[in-house]
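The next block holds one structure in the form of structure tokens; read it before the comments.
What follows draws every value from the coordinates through simple rules; no lab data is involved. Given the structure is predicted, the values throughout are model-derived calculations rather than measurements. Because the Cβ atoms are built from the backbone with ideal geometry, glycine has one as well, and the counts that use them run over all protein chains shown.
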Amino acid sequence: MSRWTLPLAGLLGIVIGGIAMYFGGALVRVPAGDRARVEGIVHDYMLSHPEILPEAMEALRDKEHATVIADNRKAILEPVGSAWQGAAAPDLTIVEYFDYNCGYCRASLPVIDELLAGDPKLRIVYREFPVLGESSGQAARMSLAAAEQGKFRAFHDALYAGGSVSADTIAAAAKKAGLDAGRAAAFTPKADAEIASNMSIAQQLKLTGTPSWVIGNRVVSSAMPLAELQRLVARARAKS
């Protein structure tokens, strides 16, 4: 037995299960006496055509993500206050989980602007996912307070323009955006609850970093070029 036999067998078992789910449980409906034969055929076919394994695994992941998204639809797709950009009446909403300390999130800013400029029926919802240190959490709380006051984009742009995230640059961005400091402080418990919710959902979605995206039922933890975002948006619309 080679050292790859057991891992491959486990993978094939997962994929066969995914194929059964993907085709509405077709394998489950196979008569008991034929099930082993059908699974053997699938097993042998996948060994002969390993290129289908990533696609099958992707379909299984999408199926799992669809369940999490459906169970948490409001907490994922509905923004806090003004923490969104794009169409007021979209035909598709995508979500970015981001951290103000994330360089890849910063690099995605012009890509997002270009994506929305070329797609007037698309909306992006921003969800705070502060995983890169204490200043990330501080920035996320103030960002949520800004969103609650209808000033998310003003704060968002000011903080990114202010350089490295710190208590001083957060305060300066809040001042530039015109935030009511007392109202922001009072919003802190709700901001903390929102961040805790995002963290819990991120764990369920198996997000591995920032930025992470929810586009239809596809979840991607990576910065992406414009063309890839457009492809996933088109795919999500086609499946809706």
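Work out, in µm²/s and without decimals, the Stokes-Einstein translational diffusion coefficient of the range 74-239 at 10 °C, 1.306 mPa s, Rh from Kirkwood over C-alpha pairs. Display every interim value, and only then the final one.
On the way: Rh = 15.9 Å.
The Stokes-Einstein estimate is 100 µm²/s.
In whole angstrom, note down how far apart the Cα centers of the range 159-214 and the range 104-125 are. If we compute the Cα centre of each part, the gap is 19 Å.
When only DSSP loop residues count, what trypsin sites (Lys or Arg not before Pro) in the range 186-238 have their Cβ near at most 15 other Cβ atoms within 10 Å? Before the final figure, lay out each step's value.
Working: sites: LYS190, LYS206, ARG218, ARG231, ARG235, ARG237; in loops: LYS206.
Hits after loop and neighbour filter: LYS206.
When each of the peptides 136-145, 151-160, 67-76, 87-96 is scored by how many other beta carbons lie within 10 Å of its residues on average, the order from highest to lowest is 136-145, 151-160, 87-96, 67-76.
Quick note on the range 170-214: its Rg to Rh ratio, both from C-alpha atoms and Rh being the Kirkwood radius, is 1.13. Close amide H pairs (under 5 Å, H built 1.01 Å from N) link LEU92 with ARG123, residues at least 5 positions away or on another chain.
Taking a spot 7 Å from the Cα of ASN72 along the direction of its beta carbon, which residues of the range 221-240 have an amide N less than 17 Å from it? Under 17 Å, as judged by backbone N against the label point of ASN72, lie 221-222 of the range 221-240.
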